[in-house]
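Here, each number is a calculation from the coordinates, and none is a lab measurement. Note that the structure is a prediction, hence the values are computed from the model and not measured. Heads up, the Cβs are rebuilt from the backbone with ideal geometry, glycines too, and the neighbour counts pull from every protein chain shown.
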């Protein structure tokens, strides 16, 4: 997947070490700002930010300092997908941004170790 190579190249050029290397992920929408169209892409985690590049080239660069907490929920933006949990970033400004990742437990623990608070949802 050439978008993973693009993300790895950008990461190498930045000189920053990733807490989670670029990997396939699925954008599940946002309440505002990033749209609600679901898209495949590549996501990674730095010590201070989340990065996501959609297959169409659109980006999400979310500083962890702007994340109030994360949560997991089977429902997000009125969508349910075979009981698979969404990883939801609750931004300080009230926006909510959702993703599917292959190993949600890895993401939750790495984000917790980076100082991001966890909020468990009722439908998780």
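Computed from Cα positions, the angle between helix 104-113 and the longest principal axis of the chain comes to roughly 80 degrees. Between 0 and 90 degrees, rounded to the nearest ten: what's the tilt of helix 2-14 against the longest Cα principal axis of the chain? Helix 2-14 sits roughly 70 degrees off the main axis of the chain.
Need one number for segment 2-120: average projected area of the convex hull over its C-alpha atoms, nm². Show your work: numbers first, answer last.
Values: hull surface 27.4 nm².
Taking the Cα atoms of segment 2-120, their convex hull projects to 6.9 nm² on average.
By the count of neighbouring beta-carbon atoms within 10 Å, fewest first, 104, 60, 97, 88 end up ordered 104, 60, 88, 97.
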